[in-house]
Each structure stands twice: as structure tokens, then as C-alpha cells.
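Inspection log for the structure reproduced underneath, given as C-alpha cells.
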Amino acid sequence: MASASLLVFLLILACPVFTLQKKHLTDEAYKIIPDYGTTKVTNQIDSCWRSDSRWASNRQALADCTIGFGEAAIGGKFGKIYVVKDPSDDPINPKPGTLRYGAIQTEPLWIIFDNDMVITPKRELMVNSFKTIDGRGAKVEIANGACITIQDVSHVIIHGISVHDCKPGQAGLVRSTETHVGHRLVSDGDGISIFASSNIWVDHCYLARCTDGLLDITHASTAITVSNNYFTEHDKVMLLGHNDQFTADKVMKVTVVFNYFGPGLVQRMPRVRFGYAHVANNRYDEWEMYAIGGSAYPTILSEGNYFVAPDNPDVKEVTKREANGGWKNWKWRSSKDVFENGAYFVQSGWGTCAPQYKSSQFFSVADGSAVPSLTSDAGPLTCAVGRPC
């Protein structure tokens, strides 16, 4: 009996669990996230920081928790804490205390929020290099206007905010740094646009109902991780690659991991051109057209995902290739995926398509059966000072 008790104790130590916390999402998002019970095994990113009750006094430690191709993204890790106190927005001469003022500074900054707020940018919110936008401890929404643009910069972390109902920004002057104001054309209405940028990490965000894409990665952007996000109620979810003629996107490497692709999504989870996408341990709750697609000879490894097909018998296939022949040479592989309700993945190509991560980027991918647990905390979290998130 004593040896049996010891065995149980050792098993508990080997399999850490924590109590689920309710998420700080917009009200409509909270209603549609299912409840998976009171305990779960955490994913590798969350296990790095969520159990620390001192997270509020050690916020920059989050930057050490990235995995995949965006692992080197440090954001504002070595900068000062900048506190957003004012939700107003002036695209040309932003006031100190506003989000835009902090986002355009040249120095590294870790940007936090002193209370709940809804920010409606009048034109694109430009984010400069070495910035972290950290919504932990507040309910932060970027909504109902132009949203976030990450262009020609590096080392940006976006964590724990809701981005929804984004609309095309007006053409006009926009300040992108302390010293530069330039004329911007009408924006597309993306939730988060990553353009010609590198070392980017988007984690634990909620994205829904934007005019164009929820999260687009284009124009030779690379070294990016998209993780623990909750996507819902949208058509064109995530685009990787500008167009079929923009061959510079061959350098693109993106890790899409631990995300929850929820109800009301149509396509592009993601859609890839030219580059490489490691799509791992994500949950897909139906789709109206397809889940993973692409054109222009991309390479895609779908590993350990959980696909639940819609009831429509005509859209059971996970994949969609937009090509006039020749796609059978594209490397699209499925490994350890789980397929429910008739879902299926059409594989192609030959030879290895492993991500070839550096040792610091590597993470262990679980079997798809573990995904409902691994993704059950996708989206912004409720984080109270002095308590684990």
C-alpha cells in the first residue's frame, strides 16, 4: 500500500495541473468558449509563466517563454514599463499616457494598462521595434476602428488583448516614430497586420469580425509565432504571404500553435504562399470552406491538431490548394492529427518537411487528442495581482 501511494505521488509530480481561471474576453467571446472542467495539463508556453504569482512584478519574464520560429522575439524585455492611462487616440501627435504614444517610441518599452479600456484608433496603430503590448491585469480592447500595424520593424510581442470589429483606417498622416510622420493610404481593416517584419510573437489574444483578415503576415515577414489565440466569427482568418507573384515570401517561417479556431470561421486557418508553416496542437471547431490552404508552392506541416469537420458533407476536407495542377509536389503533411466528424487531410509531396528548429525554438508536439485541454485557455486570461494567471 505504501509503495502504491508513492507511485501516485510521483505521477502527480510528473503531470502538473492547475485550476482553470476565467478569461478576460469580450462578453460575446466568453459565452462561446466551452468549459472543459476544473483541471488540465498546461501547454509549454503557459507552464513557463502562469504559475508565478509574482507575474505583475516580473512581467518581462514572459519574453523568455516563446517557442517556435518566433522564439527570439524579446519585445520590450530590456526596456522600461510604460503605463497606458488614456484610451484616446491622436494619429499625428499622440499624448503621453496613450497607447499610440508608447507604441511609437524608439526605446524599448514594456507597455501595460492601468485599467480596463476600449481603444478605437482613428488610423492604423503603428508599433515600433522592441515593444511589448501586455494586456494582463486589465480588459483591453482594440476595436471599432483601424487596428494594429507592425511594419518594417522587429521584436514585437502582442499579448492578452482583444482585437475585434476592425475597419479600414482613413487615409492621412500617421506618426510611426517620435521623429517621423508619413501619409498612409486607406488601410485594409486587418486586426493585426505584420508587414516586412521579423521576430514577432502574438499570444493569448482574441480576434474576431474584422473587415479584412484577422491576422495577416506578408511581404517577407519571418521568425513569427502565433500562439494561444482565440479566433471566431470571421471569413478570411489568417493569411501568410502577399500574393502568388511575391517570391520574397519564400523566407517566411511561421509557427501556429495552441490556438483555438472557434465557431463562425470560414477559411484561411492559415492560408500560405511560398513560405513554411508549422501548424501544431491547434483546435478547429468546424469551418465553412476549409481550414488549411495555400498556393504558390508552400510547405505545411500539420502536427497534432484536432479537426472537427462541419456537418456539411461537401466541406469535410481540411485542406484546399489553389493551383492549376502541380500541387502534388507541394510538401503538405499530417502527423498525429485527430479527425472528427468525417474530417480528412490530403497529403502531398515527399521528403522531410520537419521545421528544423534550432534547439532554443524546439518544443514537443502532443498527440491531437490532447488539444482540447491544451487550447482550453486560448484568448486573454484573467490575471489578478498576487495570484497566478
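Taking segment 244-267 as the range and being under 24 Å from Trp201 (Cβ atoms) and over 15 Å from the mean Cα position of the chain (by Cα) as the test, the residues that pass are Phe246, Ala248, Asp249, Lys250, Val251, Met252, Leu265.
Inspect segment 134-147 for any residue being basic (Lys, Arg) and on the phi < 0 side of the Ramachandran plot and give the result as yes or no. Scanning segment 134-147 turns up at least one residue that is basic (Lys, Arg) and on the phi < 0 side of the Ramachandran plot.
Among the residues of segment 330-389, which ones are basic (Lys, Arg) and assigned by TED's automatic domain parsing to the domain that holds Asn305? Reasoning before the result, please.
Pass one, segment 330-389, residues basic (Lys, Arg): 331, 333, 336, 358, 387.
Across segment 330-389, the qualifying residues are Lys331, Arg333, Lys336, Lys358.
Figure legend. Inter-residue proximity from segment 154-177: first residues closer than 24 Å to Asp203 by Cβ and in the same structural domain as Ala72 (by TED's automatic domain parsing), second residues charged (D, E, K, R) and in a strand (DSSP E or B), beta-carbon distance below 6 Å, spacing 6+ or different chains. Indicated pairs: Val156/Lys131; His159/Asp134; His159/Asp203; Ser162/Glu141. Within segment 301-316, residues that are touching a residue at least 24 places away in the same chain (Cβ under 8 Å) and assigned by TED's automatic domain parsing to the domain that holds Val256 have Cβ atoms under 6 Å from residues that are in a loop (DSSP other than H, G, I, E, B) and basic (Lys, Arg) in these pairs: Glu303/Lys336; Gly304/Lys336; Ala309/Lys316, counting only partners at least 6 apart in sequence or on another chain.
For the criterion of being touching a residue at least 40 places away in the same chain (Cβ under 8 Å) and not aromatic (Phe, Trp, Tyr), Gly102 fails. Summed over segment 204-213, residues that are surrounded by 24 or more Cβ atoms within 10 Å (Cβ to Cβ) and either more than 19 Å from Gly275 (Cα to Cα) or touching a helix residue (DSSP H, G or I) at 6+ places or on another chain (Cβ under 8 Å) (or both) total 6. Residues in segment 211-245 that are outside any strand (DSSP E or B) and in contact with a Ser or Thr (Cβ under 8 Å, 6 or more places away or on another chain): Gly213, Ser221, Asn228, Gly241, His242, Asp244.
Candidates Ser154, Ser187: the one that is out of contact with any helix residue (DSSP H, G or I) (no Cβ under 9 Å at 6 or more places or on another chain) and at pLDDT 95 or above is Ser154. State whether the residues of segment 32-50 include one that is among the charged types (D, E, K, R), more than 19 Å from the chain's Cα centre (by Cα), modelled with pLDDT under 65 and surrounded by fewer than 17 Cβ atoms within 10 Å (Cβ to Cβ). Yes, because at least one residue in segment 32-50 is among the charged types (D, E, K, R), more than 19 Å from the chain's Cα centre (by Cα), modelled with pLDDT under 65 and surrounded by fewer than 17 Cβ atoms within 10 Å (Cβ to Cβ). Restricted to segment 300-346, and to residues there that are crowded, with 20+ Cβ neighbours inside 10 Å and of a type in the set (Ser, Thr, Tyr), the residue that is farthest from the chain's Cα centre (by Cα) is Ser334. The residue that is farthest from Gln245 (Cα to Cα), among those in segment 294-339 that are of a type in the set (S, T, N, Q) and in contact with a Lys or Arg (Cβ under 9 Å, 6 or more places away or on another chain), is Asn305.
The values are calculated or read from the model by the stated rules, or taken from the named source; none is laboratory data. Keep in mind it's a predicted model, so treat the numbers as computed, not measured. All Cβ positions, even for glycine, are placed from backbone atoms using ideal geometry, and neighbour counts span all protein chains on display.
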